[in-house]
Amino acid sequence: MGTALVYHEDMTAARLLWDDPECEIECPERLTTALERLQQRGLEQRCLRLAAREASEAELGLVHSPEYVALLQGTQALGTGELQTLSGQYDAVYFHPSTFHCARLAAGAALQLVDAVLAGAVRNGLALVRPPGHHSQRAAANGFCVFNNVAIAAKHAQRQHGLHRVLIVDWDVHHGQGIQHIFEDDPSVLYFSWHRYEHGRFWPYLRESDADAVGQGPGLGFTVNLPWNQVLAPHHEAPAQSPSPSPRSPLPHKPRASCHDHPQSPGPRGGDPAVLPGRASTDAPWPQVGMGNADYVAAFLHVLLPVAFEFNPELVLVSAGFDSAIGDPEGQMQATPECFAHLTQLLQVLAGGRVCAVLEGGYHLESLSQSVCMMVQALLGDPAPPLSGPMVPHGSALESIQSVRVAQAPHWVSLQQQGVAPVLSPSPCSPEGRPSPLLLPGGPEFKAAATQDVAALSSLLDQLRLNPTPPVRTAVALTAPDAALALPSDVLCEEGSAAQEETQAWARPHEALAQDRALTALGKVLYLLDRILDGQVSSGVAVTPASAAAATLDVAIRCGLSHGAQRLLCLAVGQLDRPPDLTDDGFQPDLVLVALGPGHGLRDPQAALLAALLRGPAGGRVLALVDEESTPQLAVVLARVLHGEAAPNLGPFSMASPEDVQALMQLRGQLEPRWKMLQVASEAGGPGSG
Ligand code: X5A
Ligand code: ZN
């Protein structure tokens with residue numbers, strides 16, 4: 001099942017006819033540039049193209065008053081002066097004679113997308129539209145928005161398709177107060193929005209955008225607001241002279257996270273200078289500002305996903321504004337375009353992968369276009385390029401995350417369960433992103449461009465444009481022959497095996513690998529591993545005999561590290577001895593090994609979720625080892641998910657046992673000082689962090 005791209009050229013017709021610095025950024029080129037990039041990358045051609053239709057009056061009436069729709073209809077005949085006068089009655093809005101037509105197409109495009117997904121014609125899709133919608137209200141245009149495209153689509157999904165639970169994820173940098181108001185007392189629509197807030201000093205300056213606005217009446221807990229408060233540097237000093245380019249400089253100059261106050265602290269690699277990255281000499285010498293990749297991913301992991309799994313949506317609508325990306329004049333944020341591939345990938349673990357994205361804001365044409373490409377790539381099932389840069393959330397982001405979790409905890413058990421591990425004293429931070437031969441796109445320019453520096457930004461975006469992710473065809477090699485029948489046709493069924501001498505050499509130290517059967521399986525594992533590290537295939541699945549599971553994993557780890565992986569994330573479930581030389585290393589790995597050993601006890605949907613989540617950290621390079629006593633279906637399920645298909649829905653939320661919660665809390669407590677992405681509270685001491 002594919003990905004729909006809904007568009008209509010007519011939506012480029014509306015444009016600003018007079019001088020208005022606030023509104024001029026919402027221009028037709030937003031759509032044309034994004035579409036051009038999609039075509040240049042061959043992404044548009046891989047989608048099911050749908051021409052947008054106009055929403056009917058009745059459909060607009062799902063959200064808007066008849067009088068408001070009639071007023072808009074009347075604007076088609078107005079002259080420029082009259083349009084300007086009418087526009088002045090709203091906040092940050094301009095009308096054009098074609099606005100009514102465009103806005104009906106924008107709403108219609110969202111409806112068509114929902115229809116295509118819910119009819120099963122496609123798995124997911126994106127509607128490229130303007131005007132945007134999330135600020136518009138029942139009887140008012142606002143913030144460039146005329147009709148509330150996503151709100152209309154949500155109501156339509158309920159009325160026409162009988163859905164009971166719709167999740168709206170609004171990652172635009174502005175608060176979609178229009179959507180919030182429409183659904184604030186409605187428990188059937190969960191609205192999540194993060195937004196630049198600055199304690200109320202950022203547009204639209206509303207008290208109800210704060211974290212303590214959680215919905216009303218039966219809708220209590222179904223509005224989730226995550227305000228970003230510290231977006232601009234407290235004091236914006238002029239940049240000092242360029243720091244000297246020192247490849248041995250162990251840690252960045254950015255005074256953002258407390259761990260940077262301890263440049264001597266060894267990283268998780270034990271401070272070995274050979275594995276610490278050389279910092280790019282172009283690193284910003286002034287305080288880094290704006291939320292970035294780490295903040296966005298942390299928000300998803302610690303706020304959105306726990307709540308969303310508990311809500312168990314049947315459909316995910318995304319208010320996909322890209323003014324939250326680097327370079328955008330409105331947002332001033334730092335998240336790079338690849339981040340949106342990761343966010344999209346994370347959303348696809350919900351609702352059986354039924355994700356409908358509708359464009360909202362996004363005003364830096366190149367950043368917008370790249371981010372749109374990344375999202376479409378992820379919707380198509382391609383692996384996401386690894387995120388670079390330090391995965392350390394800002395202190396202010398952690399404060400925000402903490403305050404939403406506190407505000408929402410009364411309404412969501414999953415937030416109560418996770419609790420807040422005690423925050424320990426300052427400690428070494430997770431490894432810097434570093435260039436790796438395996439990672440593309442990557443390299444020092446990437447981190448350099450994580451500043452608002454214009455030259456660095458355009459170099460980052462050029463790099464993405466000129467060196468897109470190599471077309472590694474996602475392929476899965478499978479060693480269980482009988483399961484092959486159930487695989488998608490473009491999944492590779494690998495018959496190959498590593499050379500016998502090589503296999504024997506790796507097996508020698510392990511008694512468990514002496515048997516022929518174990519040796520044969522190992523040969524296939526080693527072959528798959530090499531193909532993954534060579535970039536010939538993206539991921540692989542192999543079945544291992546129960547008695548050899550632990551030894552095979554041990555060899556796979558050693559072999560992976562000796563054949564080019566610098567960092568390896570290993571996830572072992574079931575009865576598997578932990579190899580002795582394995583440290584807790586692993587963020588930003590370039591290979592993921594997941595071993596489901598004897599007695600792993602995972603059901604297919606759980607294993608699928610695990611595999612889907614593990615596609616993120618290493619650019620999709622995952623090798624899964626599955627115990628032979630698992631259901632034959634399990635290997636197929638893993639292969640499908642690693643190939644880019646959606647993980648099956650987990651089903652209704654069930655609480656973890658108290659023992660499991662206890663064990664998790666304890667582990668988090670141990671790991672949190674070292675792995676900053678686990679933090680859910682600011683070290684400075686937010687509410688409840690003591
Ligand atoms: C959809 C969107 C922003 C309006 C900003 C007004 N609207 N200053 O991004
Ligand atoms: Zn916006």
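Suppose we keep only residues that are part of a strand (DSSP E or B) and of a type in the set (A, V, I, L, M, F, W, C) within the stretch 138-165. Which one would you say is farthest from ligand 1 (Cβ to nearest atom)?
Pass one, the stretch 138-165, residues part of a strand (DSSP E or B): 140, 142, 145.
Filter once more, so that each one left must be of a type in the set (A, V, I, L, M, F, W, C): 140, 145.
Numbers: Ala140: 14, Cys145: 6 Å.
Restricting to residues being part of a strand (DSSP E or B) and of a type in the set (A, V, I, L, M, F, W, C), the top hit is Ala140.
Against the condition over 28 Å from Arg159 (Cβ atoms), without any contact (Cβ under 8 Å) to a residue 60 or more places away in the chain and assigned to a helix (DSSP H, G or I), how does Leu38 come out, does it pass?
Details: over 28 Å from Arg159 (Cβ atoms): yes; without any contact (Cβ under 8 Å) to a residue 60 or more places away in the chain: no; assigned to a helix (DSSP H, G or I): yes.
Criteria not met by Leu38.
Would a scan of the stretch 125-137 turn up a residue that is small (Gly, Ala, Ser), outside any loop (DSSP other than H, G, I, E, B) and touching an Asp or Glu at 6+ places or on another chain (Cβ under 8 Å)?
Looking only at the stretch 125-137, we keep the residues that are small (Gly, Ala, Ser), and these are 125, 127, 133, 136.
Filter again for outside any loop (DSSP other than H, G, I, E, B), leaving 125, 127.
Going one step further and asking which of them are touching an Asp or Glu at 6+ places or on another chain (Cβ under 8 Å), we end up with none.
Looking for residues that are small (Gly, Ala, Ser), outside any loop (DSSP other than H, G, I, E, B) and touching an Asp or Glu at 6+ places or on another chain (Cβ under 8 Å), one finds none in the stretch 125-137, hence no.
Name the residue, out of Ala299, Ala320, Ala378, that is more than 22 Å from Leu43 (Cα to Cα), among the aliphatic types (A, V, I, L, M) and within 13 Å of the chain's Cα centre (by Cα). Lay out the reasoning, then the answer.
On the way: Ala320 fails: more than 22 Å from Leu43 (Cα to Cα); Ala378 fails: more than 22 Å from Leu43 (Cα to Cα).
Among Ala299, Ala320, Ala378, only Ala299 is more than 22 Å from Leu43 (Cα to Cα), among the aliphatic types (A, V, I, L, M) and within 13 Å of the chain's Cα centre (by Cα).
Quick one: count up the residues across the stretch 108-125 that are more than 16 Å from ligand 1 (Cβ to nearest atom) and either within 24 Å of Arg15 (Cβ to Cβ) or among the polar types (S, T, N, Q) (or both).
Start the filter on the stretch 108-125 by keeping residues that are more than 16 Å from ligand 1 (Cβ to nearest atom), which leaves 108, 111-125.
Still in the running and either within 24 Å of Arg15 (Cβ to Cβ) or among the polar types (S, T, N, Q) (or both): 108, 112, 124.
Matching residues across the stretch 108-125 total 3.
Inspect the stretch 643-666 for any residue being touching a Ser or Thr at 6+ places or on another chain (Cβ under 6 Å), of a type in the set (D, E, K, R) and farther than 15 Å from Gly352 by Cα and give the result as yes or no.
Of the residues in the stretch 643-666, the ones touching a Ser or Thr at 6+ places or on another chain (Cβ under 6 Å) are 643-644.
Still in the list and also of a type in the set (D, E, K, R): none.
The answer is no, given that none of the residues of the stretch 643-666 is touching a Ser or Thr at 6+ places or on another chain (Cβ under 6 Å), of a type in the set (D, E, K, R) and farther than 15 Å from Gly352 by Cα.
Does the stretch 284-339 hold any residues that are acidic (Asp, Glu), buried (at least 24 other Cβ atoms within 10 Å of the Cβ) and away from ligand 1 (no atom under 16 Å from the Cβ), and which are they?
Passing the criteria: Asp295, Glu338.
Working carefully through the options Val146, Val166, Val129, Val173, find the one that is touching a residue at least 24 places away in the same chain (Cβ under 8 Å), buried (at least 24 other Cβ atoms within 10 Å of the Cβ) and either of a type in the set (Lys, Arg) or away from ligand 2 (no atom under 16 Å from the Cβ) (or both). Even if it seems obvious, please write down each step before you answer.
Working: Val146 fails: either of a type in the set (Lys, Arg) or away from ligand 2 (no atom under 16 Å from the Cβ) (or both); Val129 fails: either of a type in the set (Lys, Arg) or away from ligand 2 (no atom under 16 Å from the Cβ) (or both); Val173 fails: either of a type in the set (Lys, Arg) or away from ligand 2 (no atom under 16 Å from the Cβ) (or both).
That would be Val166, the only listed residue that is touching a residue at least 24 places away in the same chain (Cβ under 8 Å), buried (at least 24 other Cβ atoms within 10 Å of the Cβ) and either of a type in the set (Lys, Arg) or away from ligand 2 (no atom under 16 Å from the Cβ) (or both).
For the subset of the stretch 340-366 comprising residues that are within 16 Å of ligand 1 (Cβ to nearest atom) and within 19 Å of Gln463 (Cα to Cα), which member is surrounded by the fewest Cβ atoms within 10 Å (Cβ to Cβ)? Working first, answer last.
Of the residues in the stretch 340-366, the ones within 16 Å of ligand 1 (Cβ to nearest atom) are 340, 357-365.
This time we only want the ones that are within 19 Å of Gln463 (Cα to Cα), so: 340, 364-365.
Values: Phe340: 29, His364: 22, Leu365: 19.
My answer is Leu365.
Among the residues of the stretch 632-683, how many are outside any helix (DSSP H, G or I) and surrounded by 14 or more Cβ atoms within 10 Å (Cβ to Cβ)?
Taking the stretch 632-683 and keeping what is outside any helix (DSSP H, G or I), we get 643-657, 672-675, 679-683.
The next check asks that each one be surrounded by 14 or more Cβ atoms within 10 Å (Cβ to Cβ); those that pass are 643-650, 653, 656, 672-675, 679-683.
Of the residues in that region, 19 qualify.
So Ser396 clears everything in (1) surrounded by fewer than 24 Cβ atoms within 10 Å (Cβ to Cβ); (2) closer than 24 Å to Leu591 by Cα; (3) at pLDDT 90 or above; (4) among the small types (Gly, Ala, Ser) except one condition, right? Which one?
Exception for Ser396: condition (2).
Out of all the residues in the stretch 105-126, is one or more among the β-branched types (Val, Ile, Thr) and within 16 Å of ligand 2 (Cβ to nearest atom)? Lay out the reasoning, then the answer.
Filtering the stretch 105-126 down to residues among the β-branched types (Val, Ile, Thr) leaves 114, 117, 122.
After this cut, where a residue has to be within 16 Å of ligand 2 (Cβ to nearest atom) as well, the list is none.
The answer is no, given that none of the residues of the stretch 105-126 is among the β-branched types (Val, Ile, Thr) and within 16 Å of ligand 2 (Cβ to nearest atom).
Residue pairs, Cβ under 7 Å, 6 or more apart or interchain, first in the stretch 202-228 and within 16 Å of ligand 2 (Cβ to nearest atom), second basic (Lys, Arg). List them.
Phe202/Arg196; Trp228/Arg196
Taking the residues in the stretch 166-187 that are in contact with a strand residue (DSSP E or B) (Cβ under 7 Å, 6 or more places away or on another chain) and more than 16 Å from ligand 1 (Cβ to nearest atom) as candidates, determine which candidate is farthest from Ala107 (Cα to Cα). First the steps, then the outcome.
Let us first name the residues in the stretch 166-187 that are in contact with a strand residue (DSSP E or B) (Cβ under 7 Å, 6 or more places away or on another chain), namely 166-176, 178-181, 183-184.
Keeping just the survivors that are more than 16 Å from ligand 1 (Cβ to nearest atom) gives 166-167, 183-184.
Working: Val166: 17, Leu167: 18, Phe183: 17, Glu184: 21 Å.
Filtering first and then ranking leaves Glu184.
So which residues in the stretch 81-104 are within 16 Å of ligand 2 (Cβ to nearest atom) and either within 22 Å of Ala55 (Cα to Cα) or crowded, with 20+ Cβ neighbours inside 10 Å (or both), if there are any at all?
At the first step, the residues of the stretch 81-104 found to be within 16 Å of ligand 2 (Cβ to nearest atom) are 90-94.
Within the stretch 81-104, Val93, Tyr94 qualify.
The values are calculated or read from the model by the stated rules, or taken from the named source; none is laboratory data. These numbers were taken from a predicted model, which means no experiment stands behind them. Ideal geometry is used to build each Cβ from the backbone, glycine not excepted, and the neighbour counts take in all protein chains shown.
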